[in-house]
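Asks: Input: one structure, supplied below.
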Amino acid sequence: MPSNKSVSDAPIVQFTNCRILRDHQLQREDLWVREGKILNPEKLFFDEKGSADVQLDCKDSIIAPGFIDVQINGGFGVDFSLATDDFKSGIDLVSQKILSHGVTSFCPTLVTSPPSVYHQVLPQISVRNGGAHGAGILGAHLEGPFISKEKKGAHPEHCLRTFEAGAFQDLLATYGSLNCVQIVTLAPEMRRSSEVIRELTKRGICVSLGGELFRVKLNLREISGEMGRGIRHWFVFPGHSVANLSQAEEAVQHGATFITHLFNAMLPQFHHRDPGIVGLLTSDKIPAGRRVFYGMISDGIHTNPAALRIAHRAHPKGLVLVTDAIAGMGLAPGRHTLGQQVVEIDGLNTYIAGTKTLSGSVATMDTCVRHFQEATGCSLETALEAASLHPAQLLGIEHKKGTLNYDSDADFLMLNDSLYVQATYIAGEEVWRQDVSGM
């Protein structure tokens, strides 16, 4: 049957022999795409009397929504927190390179910096659609500088700021503009933070609690006897904030919806009488209809697998996988930058130079998805949604991103059963494909 051109002259592409992630499960059905959108085949058949112009055999691949990274500091030698003359070419490079990781949209993230850096960098970040040129930009994520000095982690103390008499005006003066901003991470215990959270929320900006994690290296034998004999792990504590649970709940009631870098079972910080920010995962004081999301770096370095399992089982629908990748992602070991700091890559670890404090990661999103699925034993569907549906829901864009629902953007991936990305599509067009010889 010839395709019907009375509705649109755009070609209709039918992806066959595939399993589609839709409604939280893999379904054996075809995917139909036209004009960059997912098409409802029933409307095509019965209303338009049309059919496909092109059929593509997916060879039994999984088709899942494209990944969305809401916290990525840079990569491939590019640091989003450095004001350089070629900043735009740098962000273009990262957006193009992460297509091979399955990322179709992202939030370039700036760590704590002087006001001059925000004033120079933010005007150069523009919200834009993805395509062959690279992943789409959803807006900037500003992690700091309104964070706790006690829990500054890898952020330079001399750049940290507090809310003074101006409160929200202080924030505007620091950043210069909020036109391209999607997420702001701040410490909720700061004086006057509630009014700042309300103002940001009014403007449609996602407010996140916490920030870059404070990491301490512990010998498990010290805390778990024979279980941990001779084993060393990195335990991650929510940093940039010393908020108690009531302060965190108040922040959520004022509009905050995200926890940056959560790690559950925080040893010195988690207390049964006041679990702190982590208590939001099971709090009964979250406003009706509101969901709290939390970011986790599932790279096998930052969090023990047990921590991933605890967080996931406590609040599975809120888990958002992030890379927290720095400029060293995709580069050889050595020294690189993270904003105002120098960091050193040693294998998969990234430290503030001269210390053993972890700072960011060199993880890729597809690696995080695979590790998360392996560490938690969750379903393939659950692992994929933690990097697609959940971040879309966090940002309130699930009507067009993060799903394969009809009329949503045709940003999707082809993956094998081991969750390795085989091809990346944006707006229904192939923008990256794995070289078969490189598999």
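Asks: So for the chain, what are the equivalent ellipsoid semi-axes in whole Å, largest first, each being the square root of 5 times an eigenvalue of the Cα gyration tensor? Numbers along the way, then the final one.
Replies: Details: eigenvalues 263, 116, 96 Å².
Computed over the chain, the values are 36, 24, 22 Å.
Asks: Run the accessible area of the range 272-322 with a 1.4 Å probe and give the carbon-and-sulfur part as a rounded percent.
Replies: Solvent-exposed carbon and sulfur of the range 272-322 make up 49 percent of the total.
Asks: At a Förster distance of 41 Å, what's the computed FRET efficiency of Ser116 paired with Gln253, Cβ-Cβ distance as r, to 0.05?
Replies: Efficiency at R0 = 41 Å is approximately 0.75.
Asks: Please list, short to long, the whole-number percent of alpha-carbon pairs of the range 336-426 in consecutive 10 angstrom bins beginning at zero.
Replies: 15, 34, 28, 20, 3, 0
Asks: With only alpha-carbon pairs counted, each pair once and no self-pairs, how large is the Kirkwood hydrodynamic radius of the range 11-148 in angstroms?
Replies: One decimal place: 17.4 Å for the Kirkwood radius.
Asks: Shifting gears a bit: Take the Cα coordinates of the range 284-439, assign each an equal point scatterer, and use the Debye formula without solvent to give log10 I(q)/I(0) at q = 0.11 Å⁻¹.
Replies: Calculated log10 I(q)/I(0) at the listed q: -0.52.
Asks: Moving to a separate point now. Given a 1.4 angstrom probe, what's the average accessible area per residue across the chain, in square angstrom?
Replies: Accessible area per residue, the chain: 40 Å².
Asks: Expressed as a whole percentage, what fraction of the accessible surface of the range 358-439 belongs to carbon and sulfur atoms when a 1.4 Å probe is rolled over the protein heavy atoms?
Replies: 44 percent
Asks: Something else now. Going by accessible area, probe 1.4 Å, with all protein chains left in place, what is the ranking of Glu195, Glu48, largest first?
Replies: Glu195, Glu48
Asks: Connecting C-alpha atoms closer than 10 Å in a GNM of the chain, tell me which of Glu429, Glu143, Glu164 has the biggest fluctuation.
Replies: Top of the fluctuation ranking is Glu164.
Asks: If you don't mind, another one. Starting from the residue with the highest accessible area, list Glu385, Glu374, Glu199, Glu42 in decreasing order, probe 1.4 Å.
Replies: In descending accessible area the options line up as Glu374, Glu42, Glu199, Glu385.
Asks: Still on this structure, I have one more. Within the chain, which cysteines find no other Cys whose Cβ is under 4.7 angstrom from their own?
Replies: Lone cysteines by the Cβ rule: Cys107, Cys159, Cys180, Cys206, Cys368, Cys378.
Asks: Let me ask something else. Quick one: of Lys43/Lys202; Lys88/Lys202; Lys202/Lys285; Lys97/Lys317; Lys285/Lys317; Lys43/Lys401, which pairs are farther than 26 Å apart, Cα to Cα?
Replies: Check vs 26 Å cut-off fails for Lys43/Lys202; Lys88/Lys202; Lys97/Lys317.
Asks: Rounded to the nearest percent, how much of the accessible area of the range 1-156 (1.4 Å probe, protein heavy atoms only) is carbon and sulfur?
Replies: Looking at the range 1-156 in its full context, I get 49 percent from C and S.
Asks: Next question. On each of the three principal axes of the Cα atoms of the range 81-175, give max minus min coordinate, whole Å, ordered largest first.
Replies: Each principal axis gives a Cα extent; for the range 81-175 these are 46, 25, 22 Å.
The values are calculated or read from the model by the stated rules, or taken from the named source; none is laboratory data. Just so it is clear, the model here is predicted, and its values are computed rather than measured. Because the Cβ atoms are built from the backbone with ideal geometry, glycine has one as well, and the counts that use them run over all protein chains shown. Just the protein is used for accessible areas: all its heavy atoms, side chains included, with ligands, DNA and RNA removed. Shrake-Rupley method; radii C 1.70, N 1.55, O 1.52, S 1.80 Å.
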